[in-house]
Amino acid sequence: MKNNLTGKRRIFKVLMMMALNLGGQAFAQQLAGATLESPDKNLVLNFYQKKNEAGVNQMFYQVAYKNKPVILESKLDLDLDNHLTELAMALKVDKQKKWFDNLVFKSKTTGEKDTVWKPLYGERSLIKDKYNETTITFEKADNKDYQLQVQLRAYDEGVAVRYYFPENPKGSYYQITAENTEFSLPDDTRAYYTQWAQAPYYLLPLSDWPDESERPLTLQLKNGLFACLAEAQMVDYARGKFILSKEKKNTVVTKLYGGVDGISYFATPWRVVMVAESMGKLLENNDIILNLNEASKIENPSWIKPGKIIREMTLTTEGAFKAIDFAAARNLQYVLFDWKWYGPALTWDSDATQVKAKMDMPAIVAYGKTKNVGIWLYVNQQALLKQSDEIFPLYKKWGIKGVKFGFVQIGSHRWTTWLHDAVKKAADNELMVNIHDEFRQTGEQRTYPNMMTAEGIRGNEEMPDATHNTILPFTRFISGAADYTLCYFSPRIKTTHAHQLALAAVYYSPIQTMYWYDAPSAYNNEAELEFWDKIPATWDETRVLKDDIGKVVSIARRSGNDWFVGTITNNDARNIELKFDFLPKDKKYAAKVYSDDPQGITKTKVKVEEIKADHTTVLKAALQASGGQAIWIRAL
């Protein structure tokens, strides 16, 4: 059987190479090439350079998984315009219409990595970093000072490609005006399109999109595979989104927010193609995004502590003390004072060093310490831009634990660089960060783990419906933690209470915002809130139990010996069976089940039951429309 599979792989590689002979061109016109396999041999990435009909050098790649095509022939290309720099520095001016047109092969190197690292926090306590890599170096045919490397990696979870510019000996600067990296997909591929980071999702064919789409972009292929196009290590560049090609059918193209000004040596972000046989595996494999970023640069991260947080909205000392008491009683670690504590937020004229609300900040921080509850402060971008060098050391002096960045402008090279510099400055002052509004991580939270979470999600500020909630784990959450802002008592929620309860396990955020539109006074000893009391914000293990995107989701997460399971359905009622086969075979457990109960006598209509459980347990549940179920499993 093994020899048969090996033979099939060899045949497939030959077929992949034959695919280069497109448009009637001869094999001899291939100028450079490389075939890269994932460590488990399931993924094959083929890269090659060839001449087109006009005699211009062009680069392409293809991706297949277990002999099934995922990415068909797709172009790798950037637009650069360095002529003004070249003129100003008395350098030779590049005359090529497109910068890549006269790149010629120089050398090729290969390598591999197989390590395991331990994150400070995350969806699992250990992360495997295992891949094969190839780097191909080119130089301009008429100017050897200009070199380009195409860096390729193949993981079991997906492949990644980026462009790297080695140091230019003449010091020329680089202006990238567009990125044209393509992703040509098989016929009948459909995408989970979302127009902006806090927009709803639509399952669309690769045609007639109304606008560009956010990343990551999750795809359903007709051959039964699932893929995700993502961006990694976008820290000194312009944000990429996705548009449809105007020239090629079924082709997605990278669209930059704007131009990029680079000084060699530098690299573009990684363009990532994740591939899996189920939607759940895409989420379970999202560590590839972290692995494509640098290791932590924070030498002593002991001050970085995940936890749960409640927002205090009265902005008074009395309200703050009540919120701290509630947090301590409900096992929440933090209280957030949201915008306007220092005056109007959307103006340059407010001063974020001054408390304008009726709050005694020193007394509040001191009282919080007596209850082991830390304080976070919201600061809008105007004040961050104007005062970050002043306010971050001041907040550290005050004893503040974290800053929520509000209404950040993101996307351009300028604002990307500014944002990451602000996160570094916060780290220098031992401040954790939650970035709100349109920002989505690209794995840089590995490098600066004080970047705890981010919004970039259509969460409970917009009060989405249950169907939307069942899409998010396999789209937005692939890129990392999201601050959905969970609610419980608010009459605005469009789901059941058990659905909201379960979201704390379904959605990952190391700073998990709870009771967003709620107040401590709304609490009335609801027994089911024990689930939120007990659930942590960081995990040792994560398992996707059900992944019928848009219909039903069930995710189990382990912390120590305890498991927390969240199950949510869409706008429709359904019956499910939940297998406990993720539990160790040799242990017995007690499971508390928190379920919707339309006949219940409590205002929230949630019942609490306890059962004995082990790895053979199968739990049947009748989920009501927009409903859910939460389970806390503890070892006996």
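The values are calculated or read from the model by the stated rules, or taken from the named source; none is laboratory data. Note that the coordinates shown come from a computational prediction; the quantities given were computed from them, not determined experimentally. Note: ideal-geometry Cβ built from the backbone for every residue, glycine included; neighbour counts use all protein chains shown. Accessible surface is based on the protein model in full, side chains and every heavy atom, while ligands, DNA and RNA are left aside. Shrake-Rupley method; radii C 1.70, N 1.55, O 1.52, S 1.80 Å.
Could you tell me whether residue 504 is under 28 Å from residue 128 (Cα atoms), of a type in the set (Gly, Ala, Ser) and touching a helix residue (DSSP H, G or I) at 6+ places or on another chain (Cβ under 9 Å)? Answer is yes for this residue. In the stretch 170-181, the qualifying residues are those that are open to solvent by 10 Å² or more (accessible area, probe 1.4 Å) and touching a strand residue (DSSP E or B) at 6+ places or on another chain (Cβ under 7 Å), and the one that is farthest from residue 90 (Cα to Cα) is 180. Filtering 252, 260, 272 for residues that are at pLDDT 95 or above, open to solvent by less than 10 Å² (accessible area, probe 1.4 Å) and out of contact with any Phe, Trp or Tyr (no Cβ under 8 Å at 6 or more places or on another chain) leaves a single hit, 272.
If you go through the stretch 434-446 and keep only what is β-branched (Val, Ile, Thr) and over 12 Å from residue 289 (Cα atoms), you end up with just 435.
Just one of the listed residues (247, 231, 167) is buried (at least 18 other Cβ atoms within 10 Å of the Cβ) and among the acidic types (Asp, Glu), and it is 231. Answer yes if at least one residue in the stretch 512-526 is crowded, with 21+ Cβ neighbours inside 10 Å, outside any strand (DSSP E or B) and not aromatic (Phe, Trp, Tyr), and no otherwise. Scanning the stretch 512-526, I find no residue that is crowded, with 21+ Cβ neighbours inside 10 Å, outside any strand (DSSP E or B) and not aromatic (Phe, Trp, Tyr), so the answer is no.
Selection of the stretch 243-275 for residues being under 16 Å from the mean Cα position of the chain (by Cα) and either of a type in the set (Asp, Glu) or in a strand (DSSP E or B) (or both) yields 270, 271, 272, 273, 274, 275.
Among the numbered criteria (1) part of a loop (DSSP other than H, G, I, E, B); (2) touching a helix residue (DSSP H, G or I) at 6+ places or on another chain (Cβ under 7 Å); (3) open to solvent by 30 Å² or more (accessible area, probe 1.4 Å), which one does residue 604 miss? (3) is the only condition that residue 604 fails. For the stretch 577-590, the set of residues classified as within 29 Å of the chain's Cα centre (by Cα) and either part of a strand (DSSP E or B) or at pLDDT below 95 (or both) consists of 578, 579, listed by residue number. Selection over the stretch 445-461 of residues that are surrounded by fewer than 23 Cβ atoms within 10 Å (Cβ to Cβ) and among the charged types (D, E, K, R) gives a count of 1. Among residues of the stretch 97-141 being open to solvent by less than 40 Å² (accessible area, probe 1.4 Å), polar (S, T, N, Q) and assigned to a strand (DSSP E or B), the one that is farthest from residue 164 (Cα to Cα) is 132. Condition check for residue 553 on (1) assigned to a loop (DSSP other than H, G, I, E, B); (2) crowded, with 19+ Cβ neighbours inside 10 Å: one failure, at (1). Determine whether residue 547 is open to solvent by 30 Å² or more (accessible area, probe 1.4 Å), touching a helix residue (DSSP H, G or I) at 6+ places or on another chain (Cβ under 6 Å) and closer than 30 Å to residue 126 by Cα. Spelling it out, residue 547 is indeed open to solvent by 30 Å² or more (accessible area, probe 1.4 Å), touching a helix residue (DSSP H, G or I) at 6+ places or on another chain (Cβ under 6 Å) and closer than 30 Å to residue 126 by Cα. Screening residue 184 against (1) polar (S, T, N, Q); (2) open to solvent by 20 Å² or more (accessible area, probe 1.4 Å); (3) touching a strand residue (DSSP E or B) at 6+ places or on another chain (Cβ under 8 Å); (4) in contact (Cβ under 8 Å) with a residue 40 or more places away in the chain leaves a single unmet condition, (2). Tallying residues that are buried (at least 17 other Cβ atoms within 10 Å of the Cβ) and over 19 Å from residue 292 (Cα atoms) within the stretch 204-217 yields 5.
Taking the stretch 300-314 as the range and being crowded, with 18+ Cβ neighbours inside 10 Å and not in a strand (DSSP E or B) as the test, the residues that pass are 304, 305, 306. With respect to the conditions (1) farther than 17 Å from residue 47 by Cβ; (2) crowded, with 17+ Cβ neighbours inside 10 Å; (3) of a type outside the set (Gly, Ala, Ser); (4) over 23 Å from the mean Cα position of the chain (by Cα), residue 144 falls short on a single one, namely (2).
State all residues of the stretch 409-438 that are open to solvent by 10 Å² or more (accessible area, probe 1.4 Å) and of a type in the set (A, V, I, L, M, F, W, C); if no residue qualifies, say none. Scanning the stretch 409-438 gives 410, 415, 418, 427.
I'd like to know if the stretch 276-299 contains one or more residues that are in a loop (DSSP other than H, G, I, E, B), touching a helix residue (DSSP H, G or I) at 6+ places or on another chain (Cβ under 8 Å) and surrounded by 19 or more Cβ atoms within 10 Å (Cβ to Cβ). Within the stretch 276-299 (the criterion being in a loop (DSSP other than H, G, I, E, B), touching a helix residue (DSSP H, G or I) at 6+ places or on another chain (Cβ under 8 Å) and surrounded by 19 or more Cβ atoms within 10 Å (Cβ to Cβ)), the answer is yes, since at least one residue qualifies.
A single entry from 195, 149 fulfils the requirement of being free of Cβ contacts under 8 Å to residues at least 60 places away in the same chain, in a strand (DSSP E or B) and open to solvent by 10 Å² or more (accessible area, probe 1.4 Å): 149.
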